[in-house]
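What follows is a set of notes on a single structure, which appears directly below.
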Amino acid sequence: MWGRNVYDSISKFLQFQLTVNIVAVIVAFTGACITQDSPLKAVQMLWVNLIMDTFASLALATEPPTEALLLRKPYGRNKPLISRTMMKNILGHAVYQLTLIFTLLFVGERLSQARCPAHRQLGC
């Protein structure tokens, strides 16, 4: 029961970490290429990694095993840690997060000004 719980927790941890790191690297690289300045500075990248590693580690360490794990067949020795479904989830979440971040990065100022008429009156 504990072995299956550890395996599942590691899979979830990897899925979360890969998604966060893919998004952070693409945002930093693409933002630097397009805007000539990285949207995420080194200290901000360190904070992102620190926070994401802390929460992921806590989730990994605090999930107790359940009896339902014993109802499932054990995974084979050659089963990959990252399955097709996990890869689809990683890519899907990364695309969603990148869309949101790039929208805020490149169009966010115009969106905030369009919603706030005081910006137009004050000229800021």
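For the range 12-124, what relative contact order do you get, as a whole percent, if you take Cα pairs closer than 8 Å and at least 6 residues apart?
Normalised by residue count, the contact order of the range 12-124 is 40 percent.
Tell me, how many Å apart are the Cα centres for the range 75-102 and for the range 1-18?
So the separation of the two Cα centres works out to 14 Å.
Given N residues in the chain, what is its alpha carbon radius of gyration divided by 2.2 N^0.38 Å?
Compared with the compact-globule rule of thumb, the chain sits at 1.46.
Could you compute how much accessible surface GLU67 exposes when probed at 1.4 Å, giving the result in Å² to the nearest 10?
130 Å²
Per the 1.4 Å probe, what fraction of the accessible area of the chain, in percent, lies on carbon and sulfur atoms?
68 percent
Which whole-number value in Å² is the accessible area per residue of the range 20-91, probe 1.4 Å?
75 Å²
As a test question: what accessible area, to the nearest 10 Å², does VAL48 have when a 1.4 Å probe is rolled over all protein chains in place?
VAL48 has an accessible surface of roughly 50 Å² with all protein chains in place.
Looking at the chain as a GNM with Cα springs under 10 Å, which of GLY108, GLY31, GLY76 has the largest mean-square fluctuation?
GLY76
From the square roots a ≥ b ≥ c of the eigenvalues of the alpha-carbon gyration tensor of the range 39-81, which class results: rounded (a/c under 1.5), prolate (a/b over b/c), or oblate?
Working: a/c = 5.66, a/b = 2.26, b/c = 2.50.
Since a/c reaches 1.5 but b/c is at least a/b, the shape of the range 39-81 is classed as oblate.
For VAL25, VAL20, what's the largest-to-smallest order of accessible area, 1.4 Å probe?
VAL25, VAL20
Could you sort LEU98, LEU91 by their accessible area in this structure, using a 1.4 Å probe and putting the largest first? The partial results should precede the final answer.
Details: LEU98 25, LEU91 95 Å².
My answer, sorted largest first, is LEU91, LEU98.
Identify which of LYS12, LYS79, LYS88 has the largest mean-square fluctuation in a Gaussian network model of the chain, with springs joining Cα atoms closer than 10 Å.
Looking only at LYS12, LYS79, LYS88, the largest GNM fluctuation is found for LYS79.
The values are calculated or read from the model by the stated rules, or taken from the named source; none is laboratory data. Since the structure is predicted, the reported quantities are computational estimates derived from the model, not experimental observations. The accessibility values were calculated without ligands, DNA or RNA, using every heavy atom of the protein model including side chains. Shrake-Rupley method; radii C 1.70, N 1.55, O 1.52, S 1.80 Å.
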